[in-house]
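Input: a single structure, listed below in structure tokens.
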Amino acid sequence: MIDPELITGLVLAGGRGSRMGGVDKGLQNHQGIPLALHALLRLQPQVGHLMLNANRNLGAYEAFGAPVWPDATADFPGPLAGVLAGLEHCETPYLVTVPCDTPNFPADLVERLGTALQAEDAEIAMAATLEDGTLRTQPVFCLMHAHLMESLVAFMQAGERKIDRWTARHRVAVVTFDDASAFFNANTVAELQQLQHGR
Ligand SMILES: Nc1nc2c(ncn2[C@@H]2O[C@H](COP(=O)(O)OP(=O)(O)OP(=O)(O)O)[C@@H](O)[C@H]2O)c(=O)[nH]1
Ligand SMILES: [Mg+2]
């Protein structure tokens, strides 16, 4: 197990929210609390340090009490831009990322990713679920060595954006979580309503 003090948790809330009509998804209300705050509170007991990545309404995110870092570019290049912003400001040897739209992710997420990272001497540990017998990776749920920043800078400077293509360059430990419903994420208004009703 990795000492949580050595891990910074990053909530990714920098997306366009286009499937939800372009709203700032992390600020959408879920059971009385903004979605991104749910994610932050769920990460808090699992890590030593916290931060958020957001590109709009930065003051609203700052009010959650953790540092907020926007993407370096304003063109919404995808989740990796948020990961890069996190790595650039990470002061611990490890960074773990979660998206803002998945408020019920496992309470043992970081512990299990950390155990696999060490056991497999990997550079990245990624969550996965089994759905109808098919393994589905959850690439925005990743624990990584902070030294991967240089690799990610080079990857993005080459014009690459896809998270799977970046992680494929590194030793990845895949950790399967039995409860796929814990990874249910709200991409549309209908899915957000499904979440409210206790999914
Ligand atoms: N920093 C940053 N994060 C992003 C970007 N695009 C997506 N994300 C984050 O990546 C995670 C997964 O993305 P999606 O579920 O597709 O969220 P989204 O991009 O806001 O929504 P759609 O536009 O409907 O795809 C979420 O936590 C987003 O906030 C981006 O361009 N920059
Ligand atoms: Mg999503």
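Give me the Debye-computed log₁₀ of I(q)/I(0) at q = 0.12, 0.18 Å⁻¹ for the stretch 115-199, equal point scatterers on Cα only, no solvent, two decimals.
-0.47, -0.87
Would you kindly derive the ³J(HN,Hα) couplings of the stretch 145-153 from the backbone phi angles with the Karplus curve 6.51 cos²θ - 1.76 cosθ + 1.60 (θ = phi - 60°), listing them in order in whole Hz, with x for Gly and Pro?
Those phi angles translate into 5, 5, 5, 6, 3, 4, 4, 6, 4 Hz.
Pull up all non-local amide H partners of Leu52: gap of 5 or more, or a different chain, and H-to-H distance under 5 Å with H placed in the peptide plane.
Val11, Val68, Trp69
When the accessible area of the chain is split by element with a 1.4 Å probe, what percent falls to carbon and sulfur?
Here it works out to 50 percent.
Using the heavy atoms of the protein chains alone and a 1.4 angstrom probe, what is the accessible area of the stretch 4-196 per residue in square angstrom?
45
Quickly estimate the mean residue ellipticity at 222 nm for the chain, helices only: each DSSP H run with n ≥ 4 gives -39500 (n - 2.57), and the total goes over all residues, rounded to 500.
-8000 deg cm²/dmol
How compact and how long is the stretch 149-199, expressed as Rg and Dmax of its alpha-carbon atoms in Å?
Radius of gyration, then largest Cα-Cα span, for the stretch 149-199: 16.4, 43 Å.
Under the 0.36 nm per residue contour assumption, what length would be gained going from the current alpha-carbon distance of Lys162 and Ala119 to full extension?
12.8 nm is the gain from fully extending Lys162 to Ala119.
Sort His147, His38, His30 by heavy-atom solvent-accessible area, probe 1.4 angstrom, most to least.
His147, His38, His30
Collect residues whose amide H, placed 1.01 Å from N in the peptide plane, falls under 5 Å from the amide H of Val175; neighbours closer than 5 in sequence don't count.
Amide H to amide H, under 5 Å and 5 or more residues apart or across chains, Val175 pairs with Met126, Ala127, Ala128.
Counting Lys +1, Arg +1, Asp -1, Glu -1, what net charge surrounds Val68 among other residues with beta carbon under 14 Å of its beta carbon?
-3
Which three extents, in angstrom, do the Cα atoms of the stretch 4-196 have along their principal axes, listed largest first?
40, 38, 31
The values are calculated or read from the model by the stated rules, or taken from the named source; none is laboratory data. Predicted, not measured: the structure shown is a model, and the values here were computed from it. Counting neighbours? That spans all protein chains shown, and the Cβs are built from the backbone with ideal geometry, glycine included. The protein model used for the area step is the full one, side chains on, heavy atoms only, and it has no ligands, DNA or RNA in it. Shrake-Rupley method; radii C 1.70, N 1.55, O 1.52, S 1.80 Å.
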